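Q: Shown below is the structure under consideration.
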Amino acid sequence: MLGRGIWSSVRQGLSRGLSKKVGGWASGEGRKVDIAGIYPPVTTPFTATAEVDYEKLEENLHKLGTFPFRGAVGGVCALANVLGPQVCQLERLCLTGQWEDAQKLQHRLIEPNTAVTRRFGIPGLKKTMDWFGYYGGPCRSPLQELSSTDEEALRMDFSSNGWL
């Protein structure tokens, strides 16, 4: 990720270069391109054994969360593996300005998302994939399958929000 000072100077240079009138619009008028609020993407960090380094990824996301920007595009969407249409619906609701419906849906997605990204991680995601008719498959070493207690807690995270 670019440092704050470096990105600031790059953004200012781009802004000056892109602030000029840009032609080619159907109306024949040029338009000013506003790149304020655009930040570099967060890359996925890997360990020396080519596994995703989730600790470093979480650290990077927390750092990005401190930047004062107006909005974000994209995300770490593990939940989309099992609730893909619902995650896409959330985006559509936001894009069309249906904020109340988006908030209701988001609140229903928070607990299951936390379960498969933080609380139970990959074993939890694999188990929910199996529940939703996808192939989650066995966990690779050193990860272990969920215990029956954890599986029941995971099931509760999805059923209490109406997904199971």
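The values are calculated or read from the model by the stated rules, or taken from the named source; none is laboratory data. All of these numbers come straight from a predicted model, not from anything done at the bench. As a convention, Cβ positions derive from the backbone with ideal geometry for all residues, glycine included, and neighbour counts pool all protein chains shown. Side chains included, ligands, DNA and RNA excluded: accessible areas come from the protein's heavy atoms. Shrake-Rupley method; radii C 1.70, N 1.55, O 1.52, S 1.80 Å.
Q: Can you check what the net charge comes to around K127, using other residues whose Cβ is under 14 Å from the Cβ of K127 (Lys, Arg +1; Asp, Glu -1)?
A: Result for the local shell: -3.
Q: Can you list which of the chymotrypsin sites (Phe, Trp or Tyr not before Pro) found in the range 83-138 are DSSP loop residues with at most 11 other C-beta atoms within 10 Å?
A: Taking the range 83-138 and a limit of 11 other Cβ atoms within 10 Å, the loop chymotrypsin sites (Phe, Trp or Tyr not before Pro) found are Y135.
Q: If ligands, DNA and RNA are left out, what is the accessible area of T49 with a 1.4 Å probe, given in Å² to the nearest 10?
A: 100 Å²
Q: Using DSSP to define loop residues, name the GluC sites (Glu not before Pro) in the range 82-151 whose beta-carbon has at most 15 other beta-carbon atoms within 10 Å.
A: Here the GluC sites (Glu not before Pro) that fit, given the DSSP loop and packing criteria, are E145.
Q: From the phi of every residue in the range 138-152, what ³J(HN,Hα) in whole Hz does the Karplus formula 6.51 cos²θ - 1.76 cosθ + 1.60 yield, where θ is phi - 60° and glycine or proline is x?
A: x, 6, 7, 4, x, 5, 10, 5, 5, 6, 5, 5, 5, 4, 5
Q: Let me ask something else about it. Just subtract the alpha-carbon distance of L164 and L95 from 0.36 nm times their residue separation and send over the number in nm, one decimal. Mind showing how you got there, number by number?
A: Details: separation 69, 0.36 × 69 = 24.84 nm, distance 2.72 nm.
Between L164 and L95, full extension yields an extra 22.1 nm.
Q: In the range 123-155, which residues have a backbone nitrogen under 20 Å from the label point lying 7 Å from F46's Cα in the Cα-to-Cβ direction?
A: Inside the label zone: 140-143.
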